[in-house]
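Chemist: First the structure, then my questions, so here it is.
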Amino acid sequence: MEKWTLKNKRALVTGGTKGIGKSIVEELALLGAEIIFIARNSEDIKSLEILLSEKGYNVKGFSADLGIKEERKKLFDYLPLIWDKFDILINNVGTNIRKKTTEYTEDEFEKIMHTNLFNTFEMCKLSYDFLKNSRDASIVNISSVSGLINTSTGSPYGMTKAAINQLTKNLAVEWAPAIRVNAIAPWYTDTPLVEKLLKDKKYYDRVMMRTPMKRICKPEEIGTVAAFLCMPAASYLTGQCVTVDGGFSVYGF
Ligand SMILES: NC(=O)c1ccc[n+]([C@@H]2O[C@H](COP(=O)([O-])OP(=O)(O)OC[C@H]3O[C@@H](n4cnc5c(N)ncnc54)[C@H](OP(=O)(O)O)[C@@H]3O)[C@@H](O)[C@H]2O)c1
């Protein structure tokens, strides 16, 4: 078996039109995977489909708000029409509302929990039958260093990412040997999610002070790690959270 390829693999990528998700779609496609990516905005989906099909990649978008139960159902009503199984699930959708803990409303807390955590849990459950039919299945959950230590993002976001790390460990054991399950914990990555925040010079300088690599991560630097985790080359790797943070989490004094 070829180790450094994703040829003949089918991948489902959530949140695939921007930022980290888009880079993952591009990297998996480059390595030969057939992909369905999901996002809400249909125009963004169309543009990415055109861009990638011009490069000769086998990539299709599907519009759904994965924070809504009925929309997840719509996706899983559609999938069996085209695929009897798939090999890769990338749970990348995530959002945040940055506040002090005492300022969160119940609705805000619920939105972060549902979009980041419950949706990841449900996507794993709904994908199980498709993945277990693959001969080498892999789930990659996009977590964050905020699930490992305080990063001043607001507590609900950190809580969802810590729970995703634990979900990764539980499923890695429960679903072995059929499905490998890993997570990636990025530090600041150059995407629309954090664009505004990093434009604040004072904040950016604070981030740089704590980042040994002295730069913000590029989305493609997460895409390559996600691709590796899905390859036969990583066939004994499961239950791990790979921190891609330019040294941030090991910076002591
Ligand atoms: N950027 C960072 O510094 C950083 C650091 C650590 C971890 N992360 C994590 O990495 C993941 C991706 O972040 P990002 O920075 O790439 O985000 P982003 O730039 O905001 O992109 C998010 C992607 O997900 C889609 N999306 C968002 N909500 C959705 C929903 N409810 N249903 C379906 N699609 C949805 C968006 O498209 P539509 O808007 O069209 O739906 C877009 O394609 C998140 O889990 C985030 O927590 C990011």
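The values are calculated or read from the model by the stated rules, or taken from the named source; none is laboratory data. Being a predicted model, the structure only gives us computed values, none of them experimental. Note that we place each Cβ from the backbone using ideal geometry, even for glycine, and neighbour counts take in every protein chain shown. The area values use the complete protein model at the heavy-atom level, side chains included, leaving out ligands, DNA and RNA. Shrake-Rupley method; radii C 1.70, N 1.55, O 1.52, S 1.80 Å.
Chemist: On the basis of being more than 13 Å from the ligand (Cβ to nearest atom), in contact (Cβ under 8 Å) with a residue 40 or more places away in the chain, open to solvent by less than 10 Å² (accessible area, probe 1.4 Å) and within 13 Å of the chain's Cα centre (by Cα), does V140 make the cut?
Modeler: Working: more than 13 Å from the ligand (Cβ to nearest atom): no; in contact (Cβ under 8 Å) with a residue 40 or more places away in the chain: yes; open to solvent by less than 10 Å² (accessible area, probe 1.4 Å): yes; within 13 Å of the chain's Cα centre (by Cα): yes.
Criteria not met by V140.
Chemist: Taking region 65-90 only, how many residues are under 27 Å from S155 (Cα atoms), within 8 Å of the ligand (Cβ to nearest atom) and either at pLDDT 95 or above or among the hydrophobic types (A, V, I, L, M, F, W, C) (or both)? Outline the logic, then answer.
Modeler: As a first pass, look at region 65-90 and keep what is under 27 Å from S155 (Cα atoms): 65-69, 72, 89-90.
Checking the rest, the ones that are also within 8 Å of the ligand (Cβ to nearest atom) come to 65-68.
Okay, now just the ones that are also either at pLDDT 95 or above or among the hydrophobic types (A, V, I, L, M, F, W, C) (or both), so 65-66, 68.
The number of residues fulfilling the criteria is 3.
Chemist: Hey, does region 49-67 have a residue that's under 19 Å from G94 (Cβ atoms), out of contact with any Phe, Trp or Tyr (no Cβ under 6 Å at 6 or more places or on another chain) and assigned to a helix (DSSP H, G or I)?
Modeler: Residues of region 49-67 that are under 19 Å from G94 (Cβ atoms), as a first pass: 61-67.
Going one step further and asking which of them are out of contact with any Phe, Trp or Tyr (no Cβ under 6 Å at 6 or more places or on another chain), we end up with 62-67.
Then keep just the ones that are assigned to a helix (DSSP H, G or I); that gives none.
No, every residue in region 49-67 fails to be under 19 Å from G94 (Cβ atoms), out of contact with any Phe, Trp or Tyr (no Cβ under 6 Å at 6 or more places or on another chain) and assigned to a helix (DSSP H, G or I).
Chemist: I want to confirm something. Restricting to region 35-62 and keeping residues that are under 16 Å from the mean Cα position of the chain (by Cα) and away from the ligand (no atom under 11 Å from the Cβ), which single residue is surrounded by the most Cβ atoms within 10 Å (Cβ to Cβ)?
Modeler: I35
Chemist: Moving on to the next point. Which condition number does G32 fail, the rest of (1) closer than 16 Å to S138 by Cα; (2) touching a strand residue (DSSP E or B) at 6+ places or on another chain (Cβ under 7 Å); (3) away from the ligand (no atom under 13 Å from the Cβ); (4) not in a helix (DSSP H, G or I) being met?
Modeler: Going through the list (1) closer than 16 Å to S138 by Cα; (2) touching a strand residue (DSSP E or B) at 6+ places or on another chain (Cβ under 7 Å); (3) away from the ligand (no atom under 13 Å from the Cβ); (4) not in a helix (DSSP H, G or I), G32 breaks only (2).
Chemist: Any residue in region 187-200 that is exposed (fewer than 14 other Cβ atoms within 10 Å of the Cβ) and hydroxyl-bearing (S, T, Y)?
Modeler: So in region 187-200, the residues exposed (fewer than 14 other Cβ atoms within 10 Å of the Cβ) come out as 192, 195-196, 199-200.
Retained after the next criterion (residues that are hydroxyl-bearing (S, T, Y)): none.
Checking region 187-200: not a single residue is exposed (fewer than 14 other Cβ atoms within 10 Å of the Cβ) and hydroxyl-bearing (S, T, Y).
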